[in-house]
Every structure is written in structure tokens, then in C-alpha cells.
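The values are calculated or read from the model by the stated rules, or taken from the named source; none is laboratory data. Note that this is a predicted model, so its numbers are computed, not measured. Here the Cβ positions follow ideal geometry from the backbone for every residue, glycine too, while neighbour counts run over all protein chains shown. What goes into the accessible areas is simple: the full protein's heavy atoms, side chains included, and nothing from ligands, DNA or RNA. Shrake-Rupley method; radii C 1.70, N 1.55, O 1.52, S 1.80 Å.
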2 protein chains.
Amino acid sequence: MTMIYEPPVKDMIFLVDEWLGLENINSLPGYHDLDVESLQFILEEAGKFCSAELLTINREGDELGATFIDGVVKAPSSFRAAYAKYIEAGWTGIDADPEYGGQGLPKLVQYFVDEMLGATNLAFKLYSELSHGAYHLLANCAAAEIRQKFIPKMVAGVWSGTMCLTEAHCGTDLGLVRTRAEDHGDGTYSITGSKIFITSGDHDLVENIVHLVLARLEDAPAGTHGISLFAVPRNWVNEDGSLGDRNNVNTGSIEHKMGIKGSATCALNFDQAKGFLVGEANRGLSAMFTMMNMERITVAMQGLGMADIAYQNALIYAQDRLQSKAPPPRPDESRAADPIIYQPEIKRQLLRIRSQVEGARALAAYASLHVDIMEKTTDDSLRKNAEDTVALLTPVVKSFLTDLGVSSALSAQQVFGGHGYIREHGMEQLVRDSRITTLYEGTNEIQAADLVGRKLTGRTGEFADRFLAKWQQLFDDTRDNDYMADYISPASDALARLIDTTRWMRERLRSDTAAASGAAVDYQRLFALSIIACLWAQIMISIQGKNGLFYASKRKIALFYMDQVLPETVALQQIITTGSDSLTDFEVTDFEL
Amino acid sequence: MTMIYEPPVKDMIFLVDEWLGLENINSLPGYHDLDVESLQFILEEAGKFCSAELLTINREGDELGATFIDGVVKAPSSFRAAYAKYIEAGWTGIDADPEYGGQGLPKLVQYFVDEMLGATNLAFKLYSELSHGAYHLLANCAAAEIRQKFIPKMVAGVWSGTMCLTEAHCGTDLGLVRTRAEDHGDGTYSITGSKIFITSGDHDLVENIVHLVLARLEDAPAGTHGISLFAVPRNWVNEDGSLGDRNNVNTGSIEHKMGIKGSATCALNFDQAKGFLVGEANRGLSAMFTMMNMERITVAMQGLGMADIAYQNALIYAQDRLQSKAPPPRPDESRAADPIIYQPEIKRQLLRIRSQVEGARALAAYASLHVDIMEKTTDDSLRKNAEDTVALLTPVVKSFLTDLGVSSALSAQQVFGGHGYIREHGMEQLVRDSRITTLYEGTNEIQAADLVGRKLTGRTGEFADRFLAKWQQLFDDTRDNDYMADYISPASDALARLIDTTRWMRERLRSDTAAASGAAVDYQRLFALSIIACLWAQIMISIQGKNGLFYASKRKIALFYMDQVLPETVALQQIITTGSDSLTDFEVTDFEL
């Protein structure tokens, strides 16, 4: 069975046009002219490309895998032709500055396209993904000469970029980085060290690769404040832009992974490789983190896309597969067996995915809009608000959407029964591919530590209170709206639980950090589920009075979310607020029996 | 990194000796002499074999996979030597009747060994697993001549057996079986049809294979009451027991699966293959279901074993891996980073697995004891009670333990961060291998349909009420035990939720079957979580006053279960009882937007 993918353009346009308001994008410099028709056209074209070109080579990419033979890394052969079409159509430069040849579209559009790319071929997408992060990082931090030399080629996709952070002994804790940089005194540096898990660290789809590498200068202070960022091209770039000799960067191996097998994940050895400092010395981590926050939303969109394609294919299977008689009323009494979609349990599994996918897409769109505002607005208070919103929501979006990718792929696989376990239907690959998203760009546990440890304290902490109060205000304002009670009442209850639990967490952050840390993942999920309920309620308000099948379905799905998904928050609040002693009382030494 | 496995013999012995009471086994015919020392010796020997022989070839088996070349199916080459040792040690006949060369040990022992086999090498285990089911089925149903001819070889493991149920168009709904059987009138039949997903349908580890095949006789009634069971040997067996010509059974292909790649899953074509009727004509399904119920507990033990080995290896990794500073009090202030086990979130993930593994093992042991009583007791009322207990608990055990296998493998993989995604640490294989357990032997949704549709109604329904009331009685009797309040109070609350929800389910079974069906999976989980809480409470009572590290840890783990795992039941009850309308109101046609 061939997998299908119906790009969710209708839902994306709905969110922007009927809920968020395109005027919020149009009011930003550079986006005045973006109308619904253009937006729809771009998303539909992207969707067509993903369905027609990328989905069709997704399984072959998994089977062939990236290869590493005689020191040469190659992407799956079927990726070459698709990559040529991909860069020709300009999909590597959606949100890049027109100054460098980009299309100058909002991040919101980029993220929607990221969702479709992630859904149809994550391994392929990864060949340009960190490249995208890298050129934004260079655009923000690098000297003019470097920007002009590297960025246009990267935007065009004829070169790609990498992010070289992780070393064997440190992934999460980058303060432990050991790679060294030596200042040549001529504006160049030599970099020496070994990096692992480098996505697209080497491959044959591009002419050159620009590595962005975290390393320590000789006299750097220990820990996170002694790390600098360097740009190290695989092939040296001459003054005239032509390619020179190969730099001293070599691939030691590529990883054998559970999934995204078409993506080359490299271990790179830098041996006095020549590069340039990007930004200020010893300030490499903060520059990198700005980019990584953007990238976290991209990863979230991958999870979302995979949840959606899993749902779409499980739905079709459930509509086709005849097995057992459904409970009454049966669709056709004369048949020996009914399509399994008529089994309430199967319908429930599908609706669990769909109601979370649509809610999660709203959450991501909400966050993305604030990324655009943060980057473009000329109004200081709007920018500050947008920055805080993005800071608060990034870990929530990353963790919830990627968890959703995995849980949905597993659930969709379950709908296929034993058939979901064999390669044929594509479900097992989706499980394997989606599994990386909760691990990379900071595990979802690291997201939770970020949310609780950083975002609930200080300035963002105060903002978090205002953010939650704003939703409370919405419910106070609509309390008399009887028609909305089915949505507002559960969302408002969940919000109250979130506000109470936030108070509890903040108290523990002062009095008992370990208790707060131990509850962080549950709190993060409580946050996501509750805020998505608020967004669903706001969406319901925005479509009140509208008729038609689309709106009727949205209402039913919102109700399903409130009734069948949201109650988890009751358990989460209880676990967080009453469960911490039993965790603390279990000592590390108690593990040894 | 090489995976380790510490067989949980201590916990197994604890459950039998200090909680269930070995006297309940000893009072059964045939088991009078089984003492703790022998039991411990057997389990330790099995554990040694699993750790030393099976775990070491598990990854290679995954990498080599079963092969199908020129019509010949082969197990991974590394399995051959291990299989020879396996059958020589008699591990294929643990619970088989000594009359056929078996060891005549209780099912309880068999299931404990199943857990260890599943933990260390599920693909290997599958070469003897259905063989085990097949000889029990033959022992119960087949004519004496067939029993004598086939069973001793199968018990010895020099032949193996299969279960040929599934066809391409029917897995769950066996009433749709199309394979035909023609009566030759000489005591033999010819079988024609195609079967899929046949575990060990062909392979090179044994001299012969006995297929147990569901098929329809020519004049059979339609549906489930027209299906008969046949024994079809791959090679014909002569009167003197020697092997004759090959039967007309051919392998069409083997499946390319997500995991258990070392296991050969075959599509078999029967083309007028010669076989024998087993049991009565048209009564094949009920015979098969008796065996399948036993097999469901075996599959549950696989899930349990995989959860445990995932936990054990994640624990070691977390103790070794240095990353970031832990919240105070840090184990060593002078280090730049602490072992991640000191991160409360990591500790929490590990304890979530462990508290469920130990609780689930208790549940499985409880069910297994009742299997032994059901099979051996001479007391009618004891047997009836045991039969009902096994009938009620089988779907709960199968679904909860296999869901636990998958969720634990995923969670353990998460502890490894990005390193969990590469082959090296074995976690990704565990995720892939464990994933089959929620799908085969009846998906966990089918288990839920069985629990709600069959086990809550009629005689088992009445039994279910008595079963729940018995736990209620335990809590009523111990209500004044202050020392136990921490365990009894949450367990008793959960039981009350289960009793209330059972009432709700039973009402819906009469008035609104679709609502009951749609809530079945959540109900099944509510049932498992609540009953495990009851078992934990009973275990706490059984060790009251006992001192020592083992008991102290058990208490802390029980408390963790109550505080951090059990609250899910609050959400489940709410979803089941208030969520059904939003599911019913969403029509199948609403999926089309």
C-alpha cells in the first residue's frame, strides 16, 4: 500500500485567516502585501512538492540509507534528483532575506512548510534543515565579508551548513566542550577536536558544506562562558568565491540509527581545520541558543507533520479494512464484516490524534506568529511581549508536538494491527523516524528543565503570570456565553489547574529545587494540554455563528479534545503536587537491591 | 556498550514464597515436592542461560535477520548453536507432561522463564514459543496416535509447531477464514489455502514442523462455528516415526518487519497438504482459543521482560553518564558534572518503569498461579474460581504488560538521549522488538473488547463483581491499620473508582454498546492500574514488620506507584464516564472534510 499525504493547507489558512488574523502579519515590515491567495498558493505548491516528490522516495531512502564507503558519505541515490528540484523551486530560502536571494516570507510560512516536509520525508528534509539554521546564525552574527561569501550559496541550497555542538562526552551540557581553537592572528583560526551526531556532516548533494563549530579559545574561561563559535568550510573558499582545497575536516563514521536512515549523521574530526570566528569570542553559546530556539520549533513541526500523516493513512486503512461486525447501528447489515472505522475504539484512536494535531497546529501557529513579530516589529513593547511569548512557549511546543509525533505514529500503527508491524504500510518507518524528534535539539526532558528552571523565573516568570492571566480574562469575559459553555468551562477549569500548579512549582523552585525538577516533565505536559484547550476555546469563539461542515467538524473535534484528552490534566496536577515526596524519598542508593 | 541482564529471580521468589504462598502450588497434584530451593535453582539456571547465551546473540540476530533464499528459510546463523544448547538443557519442556518427556513444572515457572527469554532474545524465543502452544493443544485435543507421534519430538524441541490462523483478509475476525479442508475418508484430510504471519512457519533449527491449521470442511456452516483444526506436518511422519516426503506446504515469502528480525514470519501456501483433524469437526476455534489464552500470558511476559531489561540498562547508563550539575544536594560538589541518575526527572522515569514492572510481575504471578490451579486442582469450586480469575485477568495482563514493554523501552531510550537512537546501546532494538507484543495474539484493543464484551457479562461478569468485592473486603478489614494507610488509602480509592466505572460500563453494555466499546481500552487500563494497586497493598500487608533493604525499597516503590502512577485512574474514570458522547456524536462521515 502506498502512503498518501493530503497537505493540511485548509487548516493552516483557517488558522491564519480566521483565527490569528493575517493583519497581524501584514502589519510587520516586509509582509504588507502577503494576502490569503498568495499564502494559499505557496502552501499548496509546497504541499504538492512534498506529496509528489518527497513522499514517493521516503521508503526507498530508508531502505538504501546514507552510505559511508572509502571515506565518502552519500545520501540515498534517489534523493539527488529530488534535491535538484527542491532547490530549483527555492524551498531552501522561504524565510531567508531577499538580500541573500531568499523569498523573504514570514517564519510562520516556513514552519508550515516544515510541517509538510517533516511529514513526507524527514531524512530528506534534514539535508537542508540545519543549513537553514546556520545561515540565519551567520546572518545575525557573522562579519559582512563572511555573510556575503557564504549565505547566498546556502540560501540557494548549493552549499549546506551544519551545527557542530555535541561531543561524545557532552550533548546536553555544552559547558563541557573540549574542541580547541587557536588564533592565527590573521583573522583565521585552526580548530581541533571531534564532534558527533552531526546531521548532514558530509554528503554528496551540495558543492560545499559550512560547519558552525563550538570550540574553546586557548585562554577561554571554563564552562559555558568560554565557548566560541567558528565557521569552518569543508572546502576553502577563495576570494573570488571559487572553491579551494579541502579543509582538514574528515568523517570518521556515520551512525547506524533506528530511523531517518537516509540522513547522514556523521562523526567529524577537525584537525587544525581553518575557520573564522563568528560573533564575539567566548559568546558562542548564546548566539547558538538563539538559533537553536528557532530550530526547536522546526523540530516540533516535524513531529506534528508525522502525527498528521500517520493519522491520514490510518484513517484510510480503517475505512477500507473489513473486520468483525461493528456495534449497532451497523452501516450495512448484509455484510459479514464492517470497515473497522465503525469500531468506536478505532474511531477514538483516530480522533485522539486528530484533535491533538489540530490543537497543536494552533499552538505552533500562535508561537510562530510571535516569532515573526519578535523579528520584525518596530514597536518595542510588542517585540518584548513577542520575545517573552516565544521564550515561554518554545519548550512547550517542542516537547508536546514531538511527543505527539511518536504517540500518534504508535497509535496509527496499532490501527493497522499486525499489518502495521511490516514495512509495507509505512507505519513502522514513521515510528522509527519520528522517534528522533523527542531526542534531538534538546531532549524533551531538557525542554522541561528549560521551561521550569528558566521560563518560570525572573522576567519570563512574570510574563508567564501575565500570559496565564490573559487567558483567564478571556474566560471571565465570555462566562455568560451559554453557547460556548461546553468549550469554555473545561478549558477554564484546566487553566485554573495550570495556574494553581504554576504557583506550586514556583514555591518549590525556591524551597525544594529537586521537587520542581522531578515534576518538570509533567508540568510541561500540563501546560501544553491546558493552553491548547484555551486556544481551542478561543477558536470556537472565533467561529461562533459560522455554518458549514468544516466548522461543524471543528466543533465536534474541540469537544472531543475537551472530553477525552484534557482530563489527563487532573491526573497531572495530582501527580505533580502530591507525588514529589515519594520521588525525593527514593535515594539513588536505593536502586541497588 | 554491551547490554546486561540481571534475572529478577529474587523478586520472583519473593512473590511466590512470601506473598502468593508456595503451599498453593504444593497442594496441587504433581507439585507436592516443589520447594523454594529447587524453584530458585531452576530460575537461576534459566536466567544464566538467557544472560550468557541468548542476550549475547540478540543484536546479531537482529542484524542478520531470518533469511529466505531460493525457497529456503533460515534462522540467523548464530541461533543454531544456542538452540542446540537450549533444547539439550530441556528449556522447551518446562511445563510439559513428563509422559511426553517434559519437566512437569507449574505454568508459573514456565511464565517466569518466558519473561527472561522475552527480555534477552524475543526473536530466538519465538522459534519454540508457538511450538509450546501447539503441543499443549495437541495434548488436550488430539487423538492418542497423533499425540504419541508428534508431542514428544515437539517437547524435546527437535521438531517445532506453528499456529496457522491469520489470512490476508482476516486476523482478528477468524470467522472469515477461507482455507478449505477435504475429507479423504481414510482419517486424513487435504488442506488448501494461504496463511500469513506464521511465526517460525519454516526454518532450519528443527527436523520437522507441525502446522496447526484452521480451515473449513466442505459442508461446514458459515462463520466461527464452521472452522476445524488440523495438524499438518511439514514432512510426513511414517508409522515408525521416521520422516517421509515433504508435504505440500510452501513458504511464499517472509515478512520484512520493524523488529524481531531474527524470527522468520512466513506466508505459507497449503496446496492439498495432507493432515489430521484435531478435536471435533467445526469446533476448531474454541480449542484454539483455550490455547491462545495461555499464549496471551506468555506474550504478556515478553513485554514485562523487555520493560525490565530496558530499565536495567537505562539505570546503569544513568549511573555512569556525567552531564550537568544535579540539583542540591549534589553527590560531589567538586565535579563539573554529575551522573544523570541524580537528576530527579531521570530518577522518576526509572522509577515509573520499575514500580510498574514489579507491580505487573505480581499481577502476572497472581494470574499464573490461577492457571496452575485451574489445570491441576481436583476441587471443583477452586477450579471454577481459578478459571474465572484467569478468564477475567488474561486480557488485562496481556494488554497492560505489553503496553508496559513498549512504554518502558521508549522511556529507557529517552534516558540515553541521542545515544538511545543509535544501534550501539540496544535500546532502539528493544523498542522495535517490544512493539510486536501489543499487536500479536490479539491487539490490545481486541483484549479490551474481550474484557468488556465477554468478561463483564454473564457468569464471568458475576465473578468480576465478586472479585472486586474481595479486594474491597481486604481494605475494609485493614482500615484501622494506620501503618498501611499510605498504601491502602490510594489503592482503596482506586478500587472504588474501578467499581463505579464497572457499574457504568455494565449499564452501557445494556443501553449503548457503542459507548461501552469506545471506552473499553481506557477501562482495561483503569482495571489494570487499580488491581495492581490492590496487589501492591496486599504485598505491603504481607511484609509488614519485615526489616532489611529489600523490604524498605519495596515500600518506597509501592509508595511511588501510589503517588505517581495510580493518579492516572482519576483521569481514566472521567474520560470513560463523561467522554462517550463526544465520541458517539462524531460520525464516521465527519472524518471527510
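Here are a few things to note about the model shown:
- Dividing the Cα radius of gyration of the range B:74-162 by its Kirkwood radius returns 0.96 for Rg/Rh.
- Gain in span if fully extended, residue A:462 to residue A:168, counting 0.36 nm per residue against the direct Cα distance: 102.1 nm
- Sorted shortest first, the distances from the residue A:545 label point to those of the same residue in the other copies are 7.4 nm; each point sits 7 Å from Cα along Cα-to-Cβ.
- Each residue of the range B:449-579 gets 98 Å³ once the volume of the Cα convex hull is shared out per residue.
- Legend: translational diffusion of the range A:1-74 by Stokes-Einstein, Rh = Kirkwood radius over C-alpha pairs, 25 °C, 0.890 mPa s; D = 161 µm²/s.
- Cut-off 18 Å, label 7 Å out along Cα→Cβ of residue A:4, residues of the range A:304-325 by amide N: A:306-322
- Averaged over residues, the count of other Cβ atoms within 10 Å places the peptides B:292-302, B:194-204, B:235-245 in the sequence B:292-302, B:194-204, B:235-245, highest first.
- Within the accessible area of the range B:449-579 (1.4 Å probe), percent carbon and sulfur: 48
- Take the accessible area of B alone and of A alone, subtract that of the pair with a 1.4 Å probe, and the total buried over both chains is about 8100 Å².
- D_trans [Stokes-Einstein, Kirkwood Rh over alpha-carbon pairs] for the range B:175-262, 37 °C, 0.692 mPa s, µm² s⁻¹: 223
- Chain A, relative contact order [Cα under 8 Å, separation at least 6], %: 13
- Per residue convex hull volume, Cα atoms of chain B, in Å³: 179
- P(r) histogram, all alpha-carbon pairs of the range B:531-593 included - 10 Å bins from 0, percent: 18, 30, 19, 15, 11, 6, 1
- Crossing angle, helix B:485-511 versus chain B [Cα axis fit, 0-90 degrees, rounded to tens]: 50
- The C-alpha atoms of chain B define a longest principal axis, and helix B:520-542 lies at about 60 degrees to it.
- Considering all C-alpha pairs of the range B:120-229, those separated by over 24 Å amount to 28%.
- Spin-label model, residue B:552/residue A:67: points 7 Å from Cα along the beta carbon direction are separated by 5.9 nm.
- Theoretical FRET efficiency, 1/(1+(r/R0)^6), r = Cβ-Cβ of residue A:325 and residue A:485, R0 30 Å, to 0.05: 0.20
- Relative to the longest principal axis of the Cα atoms of chain B, helix B:36-49 runs at roughly 70 degrees.
- Mean Cα-pair separation over length for the range B:449-579, i.e. relative contact order, pairs under 8 Å, 6 or more apart, %: 33
- Overall form of the range A:391-515 per C-alpha gyration tensor (a/c, 1.5; a/b vs b/c): oblate
- The protein assembly as shown - charge dipole about Cα centre, Lys and Arg +1 at Cβ, Asp and Glu -1, debye rounded to 20: 80
- Remark on the range A:507-537: accessible area falls by at least 20 square angstrom from chain-alone to full-complex state for A:513, A:514, A:517, A:518, A:521, A:522, probe 1.4 angstrom.
- Nm distances between copies for residue A:476, ranked from closest, using label points 7 Å along Cα→Cβ: 5.0
- At 1.567 mPa s and 4 °C, Stokes D of the protein assembly as shown from Kirkwood alpha-carbon radius, µm² per second: 41
- Where chain B is carried onto chain A by rotation, the Cβ closest to that axis, with its residue and distance in Å, is B:571, 2.
- Between the range B:45-106 and the range A:447-480, the alpha-carbon centres lie 57 Å apart.
- Ascending distances from the residue A:589 label point to its copies in the other chains, with the point 7 Å along the Cα-to-beta-carbon line: 6.9 nm.
- With a Förster radius of 25 Å applied to the beta-carbon distance between residue A:19 and residue A:503, the computed FRET efficiency rounds to 0.25.
- Residue-averaged 222 nm ellipticity for chain A, from DSSP H runs of 4+ at -39500 (n - 2.57), nearest 500: -17500 deg cm²/dmol
- For the range B:407-511, accessible area per residue (1.4 Å probe, heavy atoms of protein chains only), Å²: 37
- Summarised as an ellipsoid, the range A:219-330 has semi-axes of 48, 20, 14 Å, derived from the eigenvalues of the Cα gyration tensor scaled by 5 and square-rooted, with the largest first.
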